[in-house]
Amino acid sequence: ITDDFSVFGEIYFTAGKATIYDLFKISSDTINVKRGTILVDAFTFWERNLGCVKNTIAHEVYHWYKHRMYAAIKHLLYGKDFVACRCPSSMVYPKHEEEWTEVQRMEWPANNIAPRILMPLYTLRMKVGELLTKYDYSKRPIKTALLTCFSREITVFYGVSRQSAFIRMDETGYNGEA
């Protein structure tokens, strides 16, 4: 999608043209894209993993669900074509007292909801409950080591990254405490 891997993925709110690069980022080409097209940079898989690709797709789907009306209103009110929502690979969010940009306001919820889409709370609790029983968690002295095993199994089960699995486990209360 970019020649410097600065964007993991993007979604097109209107039909338009997209510049794509070959796998080695040497040459580029312009293609026509339809409304709703999601592009994921091939390097997302090679530089990260398949879990990151899935997270990027869920992230872009959230943009489609939540921000397509925003794009349509911008077009109607200001005549602006909001062709794509480009998702930077290194998004920085402002400190508490700083102002948020439009892009940051759209990226923050998309970044946070994607793992929840891929690992829904109900099924995650079922899977962790299964693992608690399988590994006899309550009788084991080293909880954090077991949670590492859990994260590996959750990574395989959901097809996500280990980082996503750890974060999702932590935010749902499975963090090794008590």
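Could you please give the count of residues in the range 1-45 that are farther than 21 Å from Ala58 by Cβ and aliphatic (A, V, I, L, M)? Break it down stepwise before answering.
Within the range 1-45, the first condition is being farther than 21 Å from Ala58 by Cβ, and the residues that meet it are 3-4, 14-17, 19-32.
This time we only want the ones that are aliphatic (A, V, I, L, M), so: 15, 20, 23, 26, 31.
Counting residues in the range 1-45 that are farther than 21 Å from Ala58 by Cβ and aliphatic (A, V, I, L, M) gives 5.
With Thr155, Thr144 as the choices, which residue is farther than 30 Å from Ala15 by Cβ, at pLDDT below 75 and not charged (D, E, K, R)?
On the way: Thr155 fails: at pLDDT below 75.
Unique residue meeting the criteria: Thr144.
Under 7 Å between Cβ atoms, at least 6 apart or on separate chains: pull out the pairs that start in the range 34-47 with a residue that is modelled with pLDDT of 70 or more and end on any residue that is of a type in the set (S, T, N, Q) and open to solvent by 40 Å² or more (accessible area, probe 1.4 Å).
Arg35/Thr14
Every residue, every condition in (1) assigned to a helix (DSSP H, G or I); (2) β-branched (Val, Ile, Thr); (3) free of Cβ contacts under 8 Å to residues at least 60 places away in the same chain, yes or no:
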{"position": "Phe24", "(1), (2), (3)": "no, no, yes"}
{"position": "Asn32", "(1), (2), (3)": "no, no, yes"}
{"position": "Val53", "(1), (2), (3)": "yes, yes, yes"}
{"position": "Met69", "(1), (2), (3)": "yes, no, yes"}
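How many of the residues making up the range 45-60 are of a type outside the set (Phe, Trp, Tyr), open to solvent by 60 Å² or more (accessible area, probe 1.4 Å) and in contact with a helix residue (DSSP H, G or I) (Cβ under 7 Å, 6 or more places away or on another chain)?
Counting residues in the range 45-60 that are of a type outside the set (Phe, Trp, Tyr), open to solvent by 60 Å² or more (accessible area, probe 1.4 Å) and in contact with a helix residue (DSSP H, G or I) (Cβ under 7 Å, 6 or more places away or on another chain) gives 1.
Yes or no: the range 167-174 includes at least one residue that is exposed (fewer than 13 other Cβ atoms within 10 Å of the Cβ) and farther than 21 Å from Arg48 by Cβ.
yes
Just wondering, is there one or more residues in the range 75-88 that are under 30 Å from Asp170 (Cα atoms), of a type in the set (D, E, K, R) and in a helix (DSSP H, G or I)?
Scanning the range 75-88 turns up no residue that is under 30 Å from Asp170 (Cα atoms), of a type in the set (D, E, K, R) and in a helix (DSSP H, G or I).
Anything in the range 1-22 that is open to solvent by less than 60 Å² (accessible area, probe 1.4 Å) and part of a loop (DSSP other than H, G, I, E, B)? List them, or say none.
Ile1, Thr2, Phe5, Ser6, Phe13, Thr14, Asp22
Within the range 94-138, how many residues turn out to be open to solvent by less than 90 Å² (accessible area, probe 1.4 Å) and either within 17 Å of Phe8 (Cα to Cα) or at pLDDT 90 or above (or both)?
Qualifying residue count for the region: 19.
Would you say Thr44 is touching a strand residue (DSSP E or B) at 6+ places or on another chain (Cβ under 7 Å) and in a helix (DSSP H, G or I)?
On the way: touching a strand residue (DSSP E or B) at 6+ places or on another chain (Cβ under 7 Å): yes; in a helix (DSSP H, G or I): yes.
Taking the combined requirement at face value, the residue satisfies it.
If I filter the range 104-136 down to residues being under 15 Å from the mean Cα position of the chain (by Cα) and among the hydrophobic types (A, V, I, L, M, F, W, C), which single residue comes out as nearest to Ala165 (Cα to Cα)?
Per the criteria, the residue is Met119.
The values are calculated or read from the model by the stated rules, or taken from the named source; none is laboratory data. Quick caveat, the model's predicted, so the values are computed rather than measured. Cβ: placed from backbone, ideal geometry, glycine included. Neighbour counts: every protein chain shown. Quick note on the areas: whole protein, heavy atoms, side chains included, nothing else; ligands and nucleic acids left out. Shrake-Rupley method; radii C 1.70, N 1.55, O 1.52, S 1.80 Å.
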